[in-house]
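The values are calculated or read from the model by the stated rules, or taken from the named source; none is laboratory data. Quantities reported herein were computed from a predicted structural model and do not represent experimental measurements. Cβ placement follows ideal geometry from the backbone for every residue including glycine, while neighbour counts extend to all protein chains displayed.
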Amino acid sequence: MNKISYTLLLAFVMITACNQTQKKQPNEEFRWQIDRFADIKIMRYQVPGWDSLSLQQKELIYDLSQAALCGRDIIFDQNYKYNLAIRRTLESIYENYRGERSGADWDNFMVYLKRVWFSNGIHHHYSMDKFLPQFSKEYFLQLVADCPDNTLPLQVNQSKDEFLGWISDIIFNPEIAPKRVCLDASKDLVTSSACNFYEGVTQKEVEEFYNSFKIPDPQRPLSLGLNSKVVKKKGKIVEIPYVADGLYGPAIQKIIYWLEKAVNVAENENQKKGLLMLIDYYRTGDLYTWDQYNILWAQDTSFVDYVNGFIEVYGDPLGRKATWESVVDFRNDEATRRTKIISQNAQWFEDHSPIDPRFKKPKVKGVSAKVITVAQLGGDCYPSTPIGINLPNADWIRKEHGSKSVTMENITYAYDQASLGTGFLEEFCYSPEEVEMAKKYGPLADNLHTDLHECLGHGSGQLLPGVSSEALKNYQSALEEARADLFALYYMMDPKMIELGLIPNLDVAKTEYIAYIRNGLMTQLTRIEPGKNIEQAHMRNRQLIAAWCYQKGLPEKVIEKKVKDGKTYVIINDYERLRSLFGQLLAEIQRIKSEGNYTAGKELVENYAVKVDQTLHKEILERYKKLNLAPYGGFINPMMKPIYENGQLVDVEISYPDDYVEQMLYYSKNYSFLPIYN
Ligand code: ZN
């Protein structure tokens, strides 16, 4: 998985405050969460370090950020053919309606509009289900009555009435385009998905079409179909490529315009070469050029960096077509130092790991991840954003030329800040001291855990000769995540951490331990529906670890469940002992993996990771519900303003707007380059 999502990996594990690298801003004053509707909260993020950038760096980030915004329409159209028409109609209502702009109906209209902006269309960004307005069709027709014809996206020869009948059916009829990405294998995945990558073709036709391509170099396969739509023309199946003079051309030309500006202020020759190659690719759509570009990009270690292109394929049920996205960022050197130290000491960690020596790697190489500060999000990364990215996607490039693993620390930090004051910690921590610890050490503890998990955990250990990496089958993911988590947990409390300067004291580790156990035994259950079992691999892994350690430590009460005022809490009585339990379980899971012992793996997962304590679950859900928190979050971008003196750029100022509606309307007004009907 190349995008690491906050909701999946970290929600409820990480929560908290004050991070050394970000102290410059007066955080007490800063409002992190700025809007809340449906199941969504909107936050904003800061860009610490902006002021110390050189003018050239600021200009480069500005140009790349403009390029990031120019592709906004593309993702709307890719998600569903009529998203742009719906967005335009709703925005026209917002701008022209002269009736009462308050009351339940109007509020529901605003929620719907905000949701369409958030999801880049009419399907939920996470569940992929179409969401319906909570107001009536009659009210919609009343709202749209004030809109002048020329502000509505009427199709050729269409009267306003015809248009309204057509578009209200699309919006209100649950049978039309019910799911953006359908993964139900019993159906035709192409015709039952609403996404706009295929038209007039069946799954079978698409598969046959791509199977008919000759692959010139099977060792280095091109990402066939990545940047095109597949349609049937006069009975023949053809690709319409996303290129400057093809589909999405008007937006792509604007992207190119800003990338060309970026070339002029690139940091070095390599970066310049990469940008020029990307521009070439946008002009030609040539996938060989795309691969060559990615090789350059993977090796580009410039301070300012970016992602820009048709990249991730989660939006296509066949996993072939990529949605457009962009991120602009620069390196956080202070935090990157942390991941470097960990990587450089990878062999020490492997040698001292509590597993059977037969399962240790004689030579281990840590993955060096870089920590970045995000300055702009665009396309499929906005407003809902990953917290980490690992690219490029092509396996052969990763193997032959390496990849970049990136942690977006200012985004995570904003998530943490926004979660403070929600009462979540206060509700589920046993004591005020525990809340204090979480606030003080939480961010560092979480970041370090993630670093150890990513840079070392997954790469540690080895299989015995002849053991297949697929031996654990359906339990593989949960056990692999558990192995990486346990590696991180075990070393968190090692004095080596202090010696390497990664933590100031062991309280950081203790903070991580209690947060992990609390989450694994209790708070992650807030994401499970009543009566359901745990299925998601990361969640299984967390309960597996927490429940196993609870069980094994029961005689000595290493972990203890406490009930206070009818509420259940967990506390840790013996951190040292818990650490050795983590070590024991790590050794056992490493054995299971190294030997490919499916039965033992199955037993561990089924006994500890799947079933939910129904009584406790009910209690946790009730307590959580009272907090009224939004399960999903997204961000608005900072604003960058170029400052000129006598026609010369002298600075780029950054500010942090706090109005979601305003930003969306601003983007629609200034970055709508595509025709409504493509
Ligand atoms: Zn992992």
**Request:** Output the residues belonging to the range 652-661 that are assigned to a helix (DSSP H, G or I) and either surrounded by 19 or more Cβ atoms within 10 Å (Cβ to Cβ) or over 24 Å from the mean Cα position of the chain (by Cα) (or both).
**Result:** TYR660
**Request:** Considering every residue within the range 551-565, establish whether at least one is more than 16 Å from the ligand (Cβ to nearest atom), surrounded by fewer than 24 Cβ atoms within 10 Å (Cβ to Cβ) and in a helix (DSSP H, G or I).
**Result:** yes
**Options PHE109, PHE118; residue that is touching a His at 6+ places or on another chain (Cβ under 7 Å) and modelled with pLDDT of 95 or more** = PHE118
**Prompt:** So ALA515 fits all but one of (1) touching a helix residue (DSSP H, G or I) at 6+ places or on another chain (Cβ under 8 Å); (2) more than 16 Å from the ligand (Cβ to nearest atom); (3) not in a helix (DSSP H, G or I); what number is the exception?
**Reply:** (3)
**Request:** Take the range 116-139 and flag every residue that is among the aromatic types (Phe, Trp, Tyr) and either crowded, with 22+ Cβ neighbours inside 10 Å or not in a helix (DSSP H, G or I) (or both).
**Result:** TRP117, PHE118, TYR126, PHE131, PHE135
**Prompt:** Considering only the range 476-500, how many residues are in a helix (DSSP H, G or I), over 14 Å from PRO354 (Cα atoms) and more than 22 Å from the chain's Cα centre (by Cα)?
**Reply:** 7
**Asked** Within the group LEU649, LEU629, which residue is modelled with pLDDT of 95 or more and hydrophobic (A, V, I, L, M, F, W, C)?
**Response** LEU649
**Prompt:** Quick check, is ALA509 of a type in the set (Gly, Ala, Ser), buried (at least 21 other Cβ atoms within 10 Å of the Cβ) and either under 30 Å from LYS618 (Cα atoms) or away from the ligand (no atom under 11 Å from the Cβ) (or both)?
**Reply:** yes
**Complete:** Within the range 390-404, residues being surrounded by fewer than 16 Cβ atoms within 10 Å (Cβ to Cβ) and in contact with a helix residue (DSSP H, G or I) (Cβ under 6 Å, 6 or more places away or on another chain) number 1
**Asked** Taking strands (runs of 3 or more DSSP E) that fall entirely within the range 217-316, which contain at least 3 residues that are among the β-branched types (Val, Ile, Thr) and at pLDDT 95 or above?
**Response** 236-241, 304-312
**Output for the range 523-547, where each listed residue is more than 16 Å from the ligand (Cβ to nearest atom) and assigned to a loop (DSSP other than H, G, I, E, B)** = ILE528, GLU529, PRO530, GLY531, LYS532, ASN533, ILE534, GLU535
**Request:** Could you tell me which residue of the range 530-550 is surrounded by the fewest Cβ atoms within 10 Å (Cβ to Cβ), considering only residues that are modelled with pLDDT of 95 or more and hydrophobic (A, V, I, L, M, F, W, C)?
**Result:** ALA547
**Complete:** In the set TYR248, TYR242, TYR288, the lone residue that is more than 20 Å from SER403 (Cβ to Cβ) and out of contact with any Ser or Thr (no Cβ under 8 Å at 6 or more places or on another chain) is TYR248
**Request:** Working only within the range 169-186, note down all residues that are modelled with pLDDT of 95 or more and under 24 Å from GLU205 (Cα atoms).
**Result:** ILE176, ALA177, PRO178, LYS179, ARG180
**Extreme residue, farthest from the ligand (Cβ to nearest atom), among residues of the range 449-475 that are surrounded by fewer than 21 Cβ atoms within 10 Å (Cβ to Cβ), among the polar types (S, T, N, Q) and part of a loop (DSSP other than H, G, I, E, B)** = SER468
**Request:** Scan the range 187-214 for residues that are among the aromatic types (Phe, Trp, Tyr), assigned to a loop (DSSP other than H, G, I, E, B) and at pLDDT 95 or above and jot them down.
**Result:** PHE197
**Prompt:** What number of residues within the range 437-495 are among the charged types (D, E, K, R) and under 27 Å from ASN597 (Cα atoms)?
**Reply:** 7
**Prompt:** If you check every pair at least six apart or on different chains, which have Cβ atoms under 6 Å apart with a residue in the range 630-651 that is part of a loop (DSSP other than H, G, I, E, B) first and a residue that is β-branched (Val, Ile, Thr) and surrounded by 15 or more Cβ atoms within 10 Å (Cβ to Cβ) second?
**Reply:** ALA630/ILE40; PRO638/VAL47; PRO638/ILE654
